[in-house]
1. Calculate the spin-label point distance for LEU77 paired with LEU29, positioning each point 7 Å from the Cα along the beta-carbon direction, and give it in nanometres.
2. Report the calculated FRET efficiency for LYS22 and SER55 (r = Cβ-Cβ distance, R0 = 35 Å), to the nearest 0.05.
3. When the chain is modelled as a GNM with alpha-carbon springs shorter than 10 Å, which of ILE61, ILE33, ILE69 fluctuates the most?
4. Show that you can apply the helix-only estimate: for the chain, add -39,500 (n - 2.57) for every DSSP H stretch of four or more residues, divide by all residues, and state [θ] at 222 nm to the nearest 500.
5. Once the principal axes of the Cα atoms of the chain are found, what is the range along each, listed largest first in whole angstroms?
Amino acid sequence: MEIVVTLIIGAAAGWLGSMLYKGSGLGLLGNIIVGILGSFLGYWLLGKLGINLGSGWIGAILTGAIGAIIILFLINLIFKKR
């Protein structure tokens, strides 16, 4: 059951991140992967900065979206279309 919740939160965070950061689209599977990786990055980065966006689904999605935006920025920076 935990893996399903992780995928749902990752998908929501990846989708939100892709809506906020306009770059090249990665599709549904790409958004899920970016959202899950973004969640790890967001929790690590916000933890280092001493910021807590709350507990529960909303806090997890917002934290994942922040991390996803950072990852999407780096992906678009590295693989910039010419």
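No lab work stands behind these numbers, since they all come straight from the coordinates. Remember, predicted model here, so these are calculated numbers, not experimental data. All Cβ positions, even for glycine, are placed from backbone atoms using ideal geometry, and neighbour counts span all protein chains on display.
1. 2.7
2. Numbers: r = 30 Å, r/R0 = 0.85.
E between LYS22 and SER55, to the nearest 0.05, is 0.70.
3. ILE33
4. Helices in the chain give a 222 nm mean residue ellipticity of -27500 deg cm²/dmol.
5. Over the chain, Cα extents along the principal axes are 41, 30, 16 Å.
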